[in-house]
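Right, one structure below, let's go through it.
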């Protein structure tokens with residue numbers, strides 16, 4: 001079985017990447033490591049190979065980052081002529097310098113200043129580097145930013161033009177420094193795709209996708225729409241293996257801040273490096289609208305750079321992604337100590353080269369021991385679909401009838417178990433509820449609702465209304481005689497803003513509930529919608545080509561599959577999400593072949609008994625005619 005597992009995982013990870021490299025002429029070259037390369041490699045860059053157009057291998061050396069090598073070069077400052085709307089300062093480095101970062105010192109807090117940054121090599125032709133930036137130091141609000149990043153280039157002169165239209169002219173900085181790029185550690189930054197996920201009121205959730213596992217992430221930097229103030233708590237998590245199941249693990253947290261019309265901000269979340277390629281972002285919105293996230297940048301740890309010597313200016317090819325390759329050994333390593341100081345032209349990455357499609361290989365996680373499906377109270381059919389790594393979301397019926405989730409089994413058409421990993425999700429499972437007409441009596445409106453299933457575990461009831469000014473007490477009852485299960489106060493006093501939804505924590509309860517709203521002397525509060533939030537769980541497994549069964553409702557211990565040894569690799573690979581079909585009724589016990597035999601046997605006996613009794617009656621009537 002482990003051989004099958006390893007072959008399936010190998011199919012997932014052997015996604016080699018081929019990219020072009022464009023040297024800046026012949027001779028020594030410096031090529032920076034970027035996020036795409038880190039996502040493609042499967043062996044810490046040991047699987048990287050560079051070849052020329054003739055297929056010959058080009059030796060290279062990975063030069064590690066050295067934080068001590070970062071050199072900040074001071075600049076001479078000259079004031080710019082002031083106007084009614086602007087002032088500023090010109091910086092002279094004395095000679096052209098490859099740079100991409102400016103640091104200011106000696107500005108007395110508190111201050112906030114918008115600016116425009118331009119660069120030039122000859123003081124005649126200027127290039128706009130930053131169209132509209134800001135620097136600030138606001139101790140009272142915990143916000144500080146005195147470094148400015150801009151596109152890398154060779155500049156001798158820079159000028160900072162302050163925007164004085166809405167503030168007093170800024171004094172000249174005490175000092176200004178430019179970072180010498182060729183001596184600085186490489187710090188890749190790249191945009192990440194994200195997807196908004198379902199969530200409860202007052203919380204925004206997003207899933208972020210990295211290009212591969214074990215990306216050396218250092219921080220996430222968010223971009224949020226608008227320029228209004230922000231003060232919210234954010235947390236980043238990823239699924240990690242714990243007790244043979246996947247559960248959320250916190251990677252980092254921060255308080256997001258934005259003030260002063262959006263000019264002062266801190267939307268950076270420091271994180272530890274994730275193990276997988278999928279991470280989750282949760283933002284506590286409080287009483288505010290959901291966070292309007294428009295972008296996420298990944299800030300990585302400083303990376304090594306690649307030194308090689310190009311035979312000419314022809315395009316080269318880089319290939320990586322094969323975990324079976326070991327690190328190469330080139331004679332060029334003998335010059336490693338000299339490479340960090342050697343002059344080198346700046347090579348660049350070209351587009352990815354389309355590789356011929358690899359032969360399709362069925363992903364197979366193997367099978368477990370056989371198990372009789374007739375021994376389960378419930379059996380759910382999952383239709384056939386594309387084979388491969390899949391994640392099956394569990395619904396309310398499963399959560400209610402299998403509260404510990406240890407009796408869940410996936411069985412193929414031959415009755416053999418399909419190994420899986422149980423995954424706990426941070427986002428809730430949201431179920432809409434049918435909201436009935438209320439019955440008003442003694443200043444209380446009572447609504448009788450029915451949950452999707454009896455025995456649902458601890459959950460949260462969410463009520464929403466379009467009313468703007470109200471104050472109510474809400475009670476939830478169940479049982480006979482009715483017992484109060486939860487109490488909450490719900491109020492809103494701003495006619496110009498919609499009311500926040502009411503979230504009521506509920507313990508495990510029966511299927512029929514009564515919701516009582518104390519109206520006082522007011523009209524009944526119009527409740528527009530209601531939903532139930534449940535814990536969210538998934539099964540992660542290799543889907544077979546044929547239909548299979550989800551079985552539960554049997555006294556079993558939690559399964560112990562070899563698949564748990566490869567939990568990290570399964571988590572690292574994208575999975576096809578599957579949902580149990582809506583409206584599909586679980587099949588109760590008694591529909592198996594054994595119960596069918598009992599049913600038909602009992603029916604035959606009953607018919608035979610009826611025929612025997614009928615024969616006796618007819619025989620008696622023949623002997624005693626009327």
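The values are calculated or read from the model by the stated rules, or taken from the named source; none is laboratory data. Everything quoted here is computed from the prediction, not taken from an experiment. Cβ placement follows ideal geometry from the backbone for every residue including glycine, while neighbour counts extend to all protein chains displayed.
If you go through the range 86-101 one residue at a time, do you hit one that is modelled with pLDDT under 90 and touching a helix residue (DSSP H, G or I) at 6+ places or on another chain (Cβ under 9 Å)? Let's see the steps before the verdict.
From the range 86-101, those modelled with pLDDT under 90 are 98; that's our starting set.
Still in the list and also touching a helix residue (DSSP H, G or I) at 6+ places or on another chain (Cβ under 9 Å): 98.
Yes, there is a match, as at least one residue in the range 86-101 is modelled with pLDDT under 90 and touching a helix residue (DSSP H, G or I) at 6+ places or on another chain (Cβ under 9 Å).
Here residue 524 clears all of (1) touching a helix residue (DSSP H, G or I) at 6+ places or on another chain (Cβ under 7 Å); (2) part of a loop (DSSP other than H, G, I, E, B) except the condition numbered (1).
When residues in the range 40-59 are screened for being touching a helix residue (DSSP H, G or I) at 6+ places or on another chain (Cβ under 7 Å) and surrounded by 15 or more Cβ atoms within 10 Å (Cβ to Cβ), 1 of them pass.
Of everything listed in (1) touching a residue at least 12 places away in the same chain (Cβ under 8 Å); (2) under 30 Å from residue 500 (Cβ atoms); (3) more than 14 Å from the chain's Cα centre (by Cα), the single unmet condition for residue 289 is (1).
For the range 63-77, does any single residue satisfy the condition of being under 30 Å from residue 18 (Cβ atoms) and free of Cβ contacts under 8 Å to residues at least 12 places away in the same chain? Scanning the range 63-77, I find no residue that is under 30 Å from residue 18 (Cβ atoms) and free of Cβ contacts under 8 Å to residues at least 12 places away in the same chain, so the answer is no. Looking across the range 347-378, the residues that are modelled with pLDDT of 90 or more and under 27 Å from residue 64 (Cα atoms) come down to 347, 348, 349, 350. The set of residues in the range 266-281 being crowded, with 19+ Cβ neighbours inside 10 Å, at pLDDT 95 or above and part of a loop (DSSP other than H, G, I, E, B) consists of 267, 271.
With 184, 168 as the choices, which residue is modelled with pLDDT under 90 and crowded, with 16+ Cβ neighbours inside 10 Å? Spell out the reasoning first.
Details: 168 fails: crowded, with 16+ Cβ neighbours inside 10 Å.
Residue meeting the stated conditions: 184.
Given the criteria at pLDDT below 90, surrounded by 13 or more Cβ atoms within 10 Å (Cβ to Cβ), within 20 Å of residue 76 (Cβ to Cβ) and more than 38 Å from the chain's Cα centre (by Cα), does residue 176 qualify?
Values: at pLDDT below 90: no; surrounded by 13 or more Cβ atoms within 10 Å (Cβ to Cβ): yes; within 20 Å of residue 76 (Cβ to Cβ): yes; more than 38 Å from the chain's Cα centre (by Cα): yes.
Answer is no for this residue.
Restrict the check to the range 91-104 and report whether at least one residue is surrounded by fewer than 20 Cβ atoms within 10 Å (Cβ to Cβ), at negative phi and not in a strand (DSSP E or B). Checked against the condition, which is being surrounded by fewer than 20 Cβ atoms within 10 Å (Cβ to Cβ), at negative phi and not in a strand (DSSP E or B), the range 91-104 yields no hits at all. Scanning the range 146-201 for residues that are touching a helix residue (DSSP H, G or I) at 6+ places or on another chain (Cβ under 7 Å) and closer than 30 Å to residue 292 by Cβ gives 188, 190. Highlighted here are the strands (runs of 3 or more DSSP E) found entirely within the range 429-498 that include at least 3 residues which are more than 18 Å from residue 202 (Cβ to Cβ) and modelled with pLDDT of 95 or more: 444-450, 469-478. Take the conditions farther than 25 Å from residue 381 by Cα, in contact (Cβ under 8 Å) with a residue 24 or more places away in the chain and either surrounded by fewer than 19 Cβ atoms within 10 Å (Cβ to Cβ) or outside the structural domain of residue 492 (by TED's automatic domain parsing) (or both) and apply them to residue 524. Does it pass? Judged against the criteria, residue 524 is a match. Among the residues of the range 43-65, those identified as assigned to a strand (DSSP E or B) and within 23 Å of residue 185 (Cα to Cα) are 49, 50, 60, 61, 62, 63. Counting only residues that are buried (at least 20 other Cβ atoms within 10 Å of the Cβ) and either touching a strand residue (DSSP E or B) at 6+ places or on another chain (Cβ under 7 Å) or not in a loop (DSSP other than H, G, I, E, B) (or both), how many does the range 532-548 have? Result for the range 532-548: 11.
Give the residues of the range 106-139 that are farther than 16 Å from residue 261 by Cβ, under 39 Å from the mean Cα position of the chain (by Cα) and either outside any strand (DSSP E or B) or in contact (Cβ under 8 Å) with a residue 60 or more places away in the chain (or both), sorted by residue number. Hits for the range 106-139 are 109, 139.
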